[in-house]
Amino acid sequence: MVTLKHKVLLLFVFISLELFCLTVPPSRSVGSGIRIFFGPAYGFYQLNKNHATNAAPKMSAIAGFRKEIRFDREFRTFFLFGVDYFFHGVNFKSYYFKPDSLKLYDKTFPYDYSLFIHEIDLPLQMKFSFSRENNSLFSAYAMVGYHLRYLLPSRLTVTQNGNTVKTDDADLKFKNPFIDSRMNSMVSFTFGWQKNGFNSSRSSFFMELNFRYGFSPYYFEKSYAATSLYTNATHLSLLIGIKF
């Protein structure tokens, strides 16, 4: 049986390994190094239509670090790992049930919900360059990745006719958890373009179009909210960064 102590220890070890690897000085050889990036994201959300409607994405963005390691002698295959901070959110209309009131699901959806989500993602990615990075000034590439997700405390606000009814911690959980109720995973697909730095003492830059698909919907449970507010989401982001 996996106890809370074991869950915290496993997460601590995983993050410690990631941070340790990020502190290792980048290789002097071309094709290896540290990547730092930031960019906006757009979410596509799907909710339980019987209990909520009018899902609209809020402001979203991703910031992250990567350690990149060259895998072959052709300077075309690379392995990347690191950590991301991802914040995003969704607005939707649903119900609000006052204490001791009858929970009537009449599909009027008179209340506005605003959910703001924070998470830490630990990615493992494989990068495939379309040209040799050691003798091309610019190169395009594609990446596939697996990301372990951990949901941080999120914020929930309920309003009606512009008046705030409730502000609360959403306490989000995954419907299909992995090890812990706040842990699950997703996959990503990326197309990028970068300027290559042949001199290891000089930095270069890159741009990426990234698509992320989560394996499990997440949800929250509140006495005043509708049940089964499962939310599925995919995200598209445009990332800009530097490599050194």
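For the reader, a short list of remarks on this structure follows.
- Of all residues in segment 94-109, those that are surrounded by 10 or more Cβ atoms within 10 Å (Cβ to Cβ) have Cβ atoms under 9 Å from Cβ atoms of residues that are acidic (Asp, Glu), 6 or more apart or on another chain, in Ser94/Asp112; Tyr95/Asp106.
- Of the candidates Val144, Val165, the single residue that is closer than 30 Å to Lys93 by Cβ, among the aliphatic types (A, V, I, L, M) and surrounded by fewer than 17 Cβ atoms within 10 Å (Cβ to Cβ) is Val165.
- Residue that is farthest from Ile34 (Cα to Cα), among those in segment 69-80 that are touching a Lys or Arg at 6+ places or on another chain (Cβ under 6 Å) and in a strand (DSSP E or B): Phe78
- Count - residues of segment 211-244 that are assigned to a loop (DSSP other than H, G, I, E, B), closer than 23 Å to Gly64 by Cβ and of a type in the set (Ser, Thr, Tyr): 1
- Some residue of segment 126-149 being at pLDDT 95 or above and under 30 Å from Asp112 (Cα atoms): yes
- Checked against the criteria, Tyr105 does not count as at pLDDT 95 or above and over 25 Å from Ala41 (Cα atoms).
- Residue within segment 165-185 that is assigned to a strand (DSSP E or B) and of a type in the set (Gly, Ala, Ser) present: yes
The values are calculated or read from the model by the stated rules, or taken from the named source; none is laboratory data. The model shown is predicted, which means the values in this text are computed figures rather than measured ones. Cβ sites come from the backbone with ideal geometry, for glycine too, and all protein chains shown count toward neighbours.
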